[in-house]
Amino acid sequence: MARWTRREWQARTGAAGFGMFLLAPARSAWTYHANEKLHLAAAGVGSRGSYHAGMIRRMGENLLAVCDANRQRLEAIAKQHPGIKTYQDFRRMLEELDRQLDGLIVATPDHTHAVISAWAIKRGKHVYCEKPIAHDVSEARRLRDLARQHKVATQMGNQGMATDSFRRTLELVQDGAVGEIREAHVWFLFGGPGRMDRPKETPPVPEYLDWELWLGPAKYRPYHPRYITGWGVGGILVRAGWAAADRTAST
C-alpha cells in the first residue's frame, strides 16, 4: 500500500473529519462455526491494547495481528506473542488480512477511535472500541448507522456499566421504583487540569514512531513527547487539556 502524504491525507479527509476512512468496500461479516476460534486483531498496543491482546489468547481465541504507529511497541508485543503479524498502518493490516479477520479491538489514542472503527466496520468486522467511542456525537451516530448497515456487533469498552450493581440500578429506574427521573447531576471525581498550552519545543520525531500515522485525522502539529501520554487517569486528563486548547484556538 502506498504511503499518503499529509496533503493527500487532508484532501481525502475533507470537511467530514473521518470521511476518508469510509472508502473501504462494504462487506458483511465473515461467518464462522460455533466451535471454531475467532480470528482477531488489535489496533494500538500500549498498556491497554497489550492487555487486550493477551486476553484474546487467554480466552482461547486467535490473535492474528496487531498494529501500532510506534514500532517499539510492536517489537515488544511480538516477543510476548510469537507468530503474530505486526503492522504500523491499520489500513494495510485490514486490507491484507481482510478475509482472515472476524473482529478488531481498537485501543489507540482517543482521536483515532472513530476513524479506525469505521474502517473496520465497513469491511464487515466486529469491533470492540475503548472509550471514548468518538470525538463528538456526530461521529458516534455515524458509527451506529454503519454498524446497523453492515450488521456487525460493536461494543464500547465501558466495563463498569456491565456490572450487576449498574444493571440493578437501571432495573429499579425502569420499573419506576424511584419515581419519575426529572434531573440528574454528574461530576468528574478527579477534576482536571483545564486548558493546557501546547509545548513550544519541536524535538525530532523518534525513528521508531510514524508521527503522521499517530496524528491520523487530527490537525497537524509538530511532534512533542508530551502529546503521547500513558493510559490511566493522568493520560486522560492531559489529553482533555490538549482538546480544550484545540477547541479554544478554533473558536
Exercise. What list of ³J(HN,Hα) values in whole Hz, one per residue of the stretch 156-161 in order, does the Karplus curve 6.51 cos²θ - 1.76 cosθ + 1.60 (θ = phi - 60°) give from phi, with Gly and Pro shown as x?
Worked result: 8, x, 10, 4, x, 6
For this session: Answer rounded, prolate or oblate for the stretch 76-221, using the Cα gyration tensor with square roots of eigenvalues a ≥ b ≥ c: rounded when a/c is under 1.5, else prolate when a/b is larger than b/c, else oblate.
Result: oblate
Seminar exercise, completed: For Tyr87, the residues 5 or more places away or on another chain with a placed amide H closer than 5 Å to its own amide H are Val66, Cys67, Asp68
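How large is the accessible surface per residue of the stretch 82-230, computed with a 1.4 Å probe and reported in Å² as a whole number?
Numbers: 9030 Å² over 149 residues.
Ligands and nucleic acids excluded, the result is 61 Å² per residue.
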Exercise. Cross-link list Lys85/Lys125; Lys37/Lys151; Lys122/Lys200; Lys37/Lys79; Lys122/Lys219: which exceed 27 angstrom alpha carbon to alpha carbon?
Worked result: Lys122/Lys200
For this session: Work out from phi, with θ = phi - 60° and the Karplus expression 6.51 cos²θ - 1.76 cosθ + 1.60, the ³J(HN,Hα) of each residue of the stretch 144-152, listed in order in whole Hz, and give x for Gly and Pro.
Result: 4, 5, 5, 4, 5, 4, 9, 6, 10
Exercise. How many angstrom separate the Cα center of the stretch 31-101 from the Cα center of the stretch 106-158?
Worked result: 17 Å
For this session: Tell me which residues come under 5 Å, amide H to amide H, from Gly157 once H is placed; ignore anything under 5 positions away on its chain.
Result: Cys129, Glu130, Lys131
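The values are calculated or read from the model by the stated rules, or taken from the named source; none is laboratory data. Treat the numbers as computed from the prediction; the structure is a model and nothing was measured. Ligands, DNA and RNA are stripped out before the accessible areas are found, and what is left, the full protein with its side chains, is counted by its heavy atoms. Shrake-Rupley method; radii C 1.70, N 1.55, O 1.52, S 1.80 Å.
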